[in-house]
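Student: The structure under discussion is supplied below as structure tokens; questions concerning it will follow.
The values are calculated or read from the model by the stated rules, or taken from the named source; none is laboratory data. The shown structure was predicted, so the numbers you read here are calculated from the model rather than taken from an experiment. Neighbour counts run over all protein chains shown; Cβ positions are idealised from the backbone, glycine included. All accessible areas refer to the heavy atoms of the entire protein, side chains included, with ligands and DNA or RNA removed. Shrake-Rupley method; radii C 1.70, N 1.55, O 1.52, S 1.80 Å.
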Amino acid sequence: MSGYPMVFHLDGRLAVVVGLGTVGRRKTLGLLEAGARVRGIDPVGWGAEPPENLLIVEESYRHEHLQGAVLVFAAASPEVNTQVVCDAHRQGVFVNSASEPTSGDFSVPATWRSGPILLSISTSGAGPALARTLLDRASDAIGPSAMDHATLLVELRPLVLKRIRKESTRQSLLRAWADLRWLDVWETGGREVVRAELLKMLERVATEE
């Protein structure tokens, strides 16, 4: 099954989850972690104090519940999910169905998040368990230093944009900063050593430009 991978920016945007069982709760928490506002639809409710940015609607599903959503997850019974998919398509909203994945518009790959790093693996539906196994292996190989380094690059990138005028020079410096050797420096020297070395490189490049 072919597909186009992308990262959907959900900060402050509304997603709807219909059905708050095990699957629906997992989808809900993932959406909240991504910064979305979530409307959860389930007659039983959440069963406890809901997390921030989660609005629980303790009702049976109605098509009006999808109003204003940019994404919809159907995680209720197969019958309800079929109706949710139909309504979402009618309203022009991307929808994912837990019971009939091919009836929706997108699937959610196995995902690992560590700070600014987001790693996803999909087997195109052939084996979700295999996707999780591969993801675990990949995340172990990446290690904790990658998150630390990515966080530091987020901090320092604005300095590059401010100090370096020429685009090709910027890209060359950022590629040098992304070299895997820095992960080894993190292991031996820690944050301040890496930060000092990166800033030294920036100063040298800015002076030579």
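Student: Give me the percent relative contact order of the chain, please, defined on Cα pairs under 8 angstrom at least 6 residues apart. Intermediate results must be reported in sequence, preceding the final value.
Tutor: Working: 275 pairs, mean separation 26.3, N = 209.
With pairs under 8 Å counted, the relative contact order is 13 percent.
Student: Same structure again: Under Stokes-Einstein, with the Kirkwood radius over Cα pairs standing in for Rh, what whole-number D in µm²/s applies to the range 28-145 at 25 °C and 0.890 mPa s?
Tutor: Working: Rh = 16.0 Å.
The diffusion coefficient I find is 154 µm²/s.
Student: Same structure again: Show me the ranking of peptides 38-47, 140-149 by mean Cβ neighbours inside 10 Å, starting with the highest. Walk me through the intermediate numbers first.
Tutor: Values: 38-47: 18.3, 140-149: 15.4.
Those peptides, ordered most packed to least, come out 38-47, 140-149.
Student: Then there's this: If you place +1 on the Cβ of every Lys and Arg, -1 on the Cβ of every Asp and Glu, and leave all else neutral, what size is the dipole of the range 144-209 about its Cα centre, to the nearest 20 Debye?
Tutor: Values: 12 positive and 11 negative charges, 70 e Å.
With only Lys, Arg, Asp and Glu charged at Cβ, the dipole is about 340 debye.
Student: Now, a different point. Send over the semi-axes of the range 85-209's equivalent ellipsoid, whole angstrom and largest first, taken as the square roots of 5 times the C-alpha gyration tensor eigenvalues. Provide the component values of the computation, followed by the final result.
Tutor: On the way: eigenvalues 311, 84, 22 Å².
Over the Cα atoms of the range 85-209, the semi-axes work out to 39, 20, 10 Å.
Student: May I ask for the net charge around G19, where only other residues with Cβ less than 15 Å from the Cβ of G19 are counted and Lys, Arg are +1 while Asp, Glu are -1? Mind showing how you got there, number by number?
Tutor: Details: positive: R25, R26, K27, R39, R62; negative: D42, E58, E59, E79, D87, E100.
Result for the local shell: -1.
Student: Let me ask something else. Hey, what number do you get for the chain at 222 nm if only DSSP H runs of n ≥ 4 count, each worth -39500 (n - 2.57), divided across all residues, to the nearest 500?
Tutor: On the way: 7 runs with 99 residues, N = 209.
Helix-only estimate at 222 nm: -15500 deg cm²/dmol.
Student: Here's something else I'd like to know. Using Cα positions and a limit of under 19 Å, work out the lysines in reach of K200, with same-chain residues fewer than 8 apart set aside.
Tutor: The qualifying lysines are K162, K166.
Student: Mind listing the phi-derived Karplus ³J(HN,Hα) values for the range 153-167, rounded to whole Hz, using 6.51, -1.76 and 1.60 with θ = phi - 60°, and x for any glycine or proline?
Tutor: Each residue's phi maps through the Karplus curve to give 5, 4, 5, 8, 4, x, 5, 5, 5, 7, 8, 9, 7, 7, 4 Hz.
Student: Answer with a single label: of (i) 21.7, 66; (ii) 17.0, 58; (iii) 16.6, 50, which was calculated as Rg and Dmax of the Cα atoms in Å from the structure in view?
Tutor: Here Rg and Dmax of the Cα atoms in Å agrees with entry (i).
Student: Name the most mobile residue of Q83, Q171, Q91, meaning the one with the largest mean-square fluctuation, in a Gaussian network model of the chain with Cα contacts below 10 Å.
Tutor: Q171
Student: Going by average Cβ density within 10 Å per residue, which order do the peptides 24-35, 99-110 take, highest to lowest?
Tutor: Details: 24-35: 18.2, 99-110: 15.2.
Put in order of decreasing packing, that is 24-35, 99-110.
Student: Cβ under 11 Å from R170's Cβ, R170 left aside: what net charge do those residues give with Lys, Arg +1 and Asp, Glu -1? Could you put the intermediate results ahead of the total?
Tutor: Working: positive: R157, K162, R163, R165, K166, R175; negative: E167, E209.
Computed value for this residue: +4.
Student: In addition: Rounded to a whole number, what % of the accessible area of the chain do carbon and sulfur atoms account for, probe 1.4 Å? Before the final figure, lay out each step's value.
Tutor: Numbers: 6880 of 12530 Å².
Reported share for carbon and sulfur atoms: 55 percent.
Student: Short version: ³J(HN,Hα) in whole Hz for each residue of the range 181-195, in order, from phi by Karplus 6.51 cos²θ - 1.76 cosθ + 1.60 (θ = phi - 60°), x for Gly and Pro, what are they?
Tutor: Values, residue by residue: 4, 5, 5, 5, 5, 4, 5, 8, x, x, 4, 5, 5, 5, 4 Hz.
Student: OK, next. Give me the 1.4 Å probe accessible area per residue for the chain, excluding ligands and nucleic acids, in Å². Display every interim value, and only then the final one.
Tutor: Details: 12530 Å² over 209 residues.
Ligands and nucleic acids excluded, the result is 60 Å² per residue.
Student: May I pose another question? Of the peptides 75-81, 117-123, how do they stack up when ordered by the mean number of other Cβ atoms within 10 Å, highest first?
Tutor: Working: 75-81: 18.4, 117-123: 15.4.
So the order, starting with the most tightly packed, is 75-81, 117-123.
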